[in-house]
Each structure stands twice: as structure tokens, then as C-alpha cells.
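Here the structure comes first, spelled out in C-alpha cells, and everything after it is commentary.
The values are calculated or read from the model by the stated rules, or taken from the named source; none is laboratory data. None of the values given here were measured: they were computed from a predicted structure. Heads up, the Cβs are rebuilt from the backbone with ideal geometry, glycines too, and the neighbour counts pull from every protein chain shown. Remember, those area values only see protein heavy atoms, side chains included, never the ligands or the DNA or RNA. Shrake-Rupley method; radii C 1.70, N 1.55, O 1.52, S 1.80 Å.
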Amino acid sequence: MLVMASVFAFAQQSLWGGQKIISPEIHPDNTVTFRFFAPKAVQVQVTGDFLPPRQVESQYGKIDVSGVADLKEGENGIWEYTTPNPLASELYNYTFIVDGLKNIIDLNNVYVSRDVASLFNIFLVKGGRGDLYSVNKVPHGSITKCWYSSPSLGYDRRMTIYTPAGYENSGKRYPVLYLLHGMGGDEEAWITLGRTIQIMDNLIAEGKAKPMIVVMPNGNVDQEAAPGESSWGLYKPQTDKLPRTMEGSMEASFPDIVKYVESNYRVIKKKSSRAIAGLSMGGYHSLHISKQYPDMFDYVGLFSAAIIANDKADSPIYQDFEGKLARQFEHAPKLYWMAIGKTDFLYKSNQEYRKLLDRHQYKYVYRESEGGHIWRNWRLYLSEFVPQLFE
């Protein structure tokens, strides 16, 4: 009886153990109030991408980081902050700082995302761009997290694949977008942080994008899968470079991914029906994969991409850079699309790369946005790139 009582008590805590506080509260005018219960705290702050960014020095030079705002202590130990102005429609993230202790999750908001080794809360302001990132009443595609054999690497690996609404019963063949994540990310990054499922469902339903399959592999070749999803067990994710990062192994093994997709999904096996795009490290991979295999992709998207391999990367993949680029543009891709934020730490290297493309008169489309190396930009770029595919 004592054991049963303990189990029931635990169940009660799980069901009714939360604080009776609303946070964040999105008001009708799109101002937002954050609340945090900390009766013994001296200072409580909130930080997130809804606040004006500030620049700090890093190993990459100056980078944008989230701003910070002070909460004011009210009655019963509840601290509170309301944005002074309405927030634009968007998906935002935030955490709290309590007496200097950072990355404190809002216990009253169960919506949490992971970016590499960091957790943060999210909230969504609708009425504009945020609607594209929302689950709306439209036909929904499906997500599969599947394992494939990579003979080039010598073990099985996992990737995430989106199939559009109706794929299962249509009998049709579809074009494919290979969508790659940044450093420290994994095969879950684009569906959680990037809202790829919602973006694709909504664009296709609105007739703004063609139905397509989206393949999101893990770009860290020494990982079988995302942290906690492989034989490595429940280890702490690394924020530093993993072994074999951006040294050619991902590019060399990429045909294993294409072969699996084209053997197991109903796809159109033509250059004109393949696209590749990625953010940061994924943009770097997209650049080098597309020039290494010039007959594979007719659509290339570089989102805040790293460009040139470092001096220690001696893989044949990176040799004869301009010669391979020339062969790629002999039969130019139908779309070579580049985008970056004005304060992105990779802005200068992208500027230099565009000068190289201009010098050789290689056609490309360039998109410049506000902000830096942030998911808000990459979601935007994806939503603008996808409607231009497979025309």
C-alpha cells in the first residue's frame, strides 16, 4: 500500500506540480510579458533573440549575441518583464539569468528546443511570418528518422526525411532537396530549430512551392545520429568541433546518402530534380559537394556559408577549387543562391567569394538580410529558397 501511495503521489506531482504562472503571455497588441518565481533572488533577467542584439568579441571576431533585460520583483516573489514595444510576428527563443546563473529555463513554458548543448524556451507571435512557422489547418507531410548504410564511412547512420502530404498513396515521383545543418547541429536541427516541417507544409498548401522530399542528414561524419539517439548513449553534446569536421569526409561520403534515397523513395533521378542547401557548415558542405559532383544538383543554396577550407584540410575534395567551380558552371545550375546577414561573422568571406564568382561571370542570386548568424535568418532563407526550386 505504501508503494502504491508513493506511485500515486508521483503521478499527482507530474500532473499537477506546475506553477500557476503564465509565462510568456502574448498580449493582443503583441507585447509579451515574462514571469519568473524566485522569492529569494536578488536579480532576475531575461535574454533572448526578441531583444536587440549586442556584439561581443569571439574567436571568429565580433558576433551578435542576445540582449538582456531586467525583470522587476512583484508580489509573492514573482518577477516580471513586459516588452516596451510589440514584437514582430516570428518564432523567438529565451532563457532567464538568476543571480548570474545563466541558461535557466522558464518552468512555466514546456516548449523547449536544443541547439547543440544548450536548451532554451521558444514562443511564437503570429500574424505574419510566424504563421509560416506554425502548424496550420493544411495537409501535412510525414517525417521519418531512418537509418542508412554508409559504405564510405563503414557504419550505419541516421537522417531525417520529410515526405509531402499524399506521398504514401500518390504513386508519383518527387524532386528532392538535401538540406544540411551547421556546426554542432545534427539531423534534428532543421526540423526543430528550422521549423522545416511547418514551412514545407504551409508553402506547398499555399501553392508557393512544389511538393518535394526534403532529406536532412547528419553532417558530422563521426556521429551515427543526434546525441542520445545512437549507440553512444546519453552523452553530453559537444559544442566544439567534432573529429573529421569540414575536412572532406562528409563531401566524399555524400553519394551514399543520395544512393539510399534514390533506392528507397520515389524520386526523380535527374540533376534538374535535385537541390542542395545548408546553413554555415552545411552551406560549406553544399558548396563543395555541388562542385565535386557537378552533374548532381541544379539548385544550390548557401545560407551564411563558410567558404574556404582551413589550411589543415588536405582532402582532394578541396583541391583545384577554381577548376572544379569552372566545371560546375560550364553547365550552370539553374539557381545558385546565396544569402547572409549584414552582421554575420562570415560576411567578409562571402563577399570575397562573390567577387570570385563575379570575376568569372558565374551567375548567382544574392540575398542580404539584417542580423547575424542566427536561426531567424536561416528559416527566412529556407522559406525564400524553396519556392524557387524545380521550376
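Some notes on this structure:
- In this rough spin-label picture, where each label sits 7 Å from Cα along the Cβ direction, the Asp295-Lys208 distance is 3.7 nm.
- Packing order of peptides 249-258, 134-143, 342-351, highest average first: 249-258, 342-351, 134-143 (average count of other Cβ atoms within 10 Å over each peptide's residues).
- Protection proxy ranking of 283-290, 123-130, by the mean of other Cβ atoms within 10 Å over each peptide's residues and highest first, is 283-290, 123-130.
- Taking a ≥ b ≥ c as the square roots of the eigenvalues of the Cα gyration tensor, region 107-198 is oblate, since a/c reaches 1.5 or more and a/b is not larger than b/c.
- Largest GNM mean-square fluctuation across Asp49, Asp64, Asp156, computed for the chain with C-alpha springs under 10 Å, falls on Asp156.
- Computed FRET value (nearest 0.05) for Tyr155 with Ala41, which takes r as the C-beta separation and R₀ as 56 Å: 0.70
- Per-pair calculated FRET efficiency, R0 = 35 Å: Lys269 and Leu356 via Cβ, rounded to 0.05: 0.65
- Take each peptide in 291-303, 263-275, 358-370, count the other Cβ atoms within 10 Å of every residue, and average; sorted highest first, the result is 291-303, 263-275, 358-370.
- The calculated FRET efficiency for the pair Val65 and Asn169, based on their C-beta separation and a Förster distance of 51 Å, comes to about 0.60.
- Across region 280-320, the residues whose backbone nitrogen lies under 17 Å from the label position 7 Å along the beta-carbon direction of Arg327 are 287-298, 315-320.
- Solvent-accessible surface of the chain, averaged per residue with a 1.4 angstrom probe and all protein chains in place: 48 square angstrom.
- The chain: angle of helix 196-205 to the longest principal axis, Cα-based, in degrees nearest 10: 70 degrees
- In degrees, nearest ten, helix 375-385 long axis to first principal axis of the chain (Cα): 40 degrees
- Percent carbon-and-sulfur accessible area, region 120-204, ignoring ligands, DNA and RNA, probe 1.4 Å: 52 percent
- GNM result for the chain, Cα springs below 10 Å: residue of Asn30, Asn218, Asn121 fluctuating most strongly: Asn30
- Dipole size of the chain about its Cα centre, with +1 on Lys/Arg Cβ and -1 on Asp/Glu Cβ: approximately 920 debye, rounded to the nearest 20.
- Using alpha-carbon coordinates, inclination of helix 347-359 to the longest axis of the chain, degrees: 20 degrees
- Antiparallel content of DSSP bridges confined to the chain, in %, to 5: 65 percent
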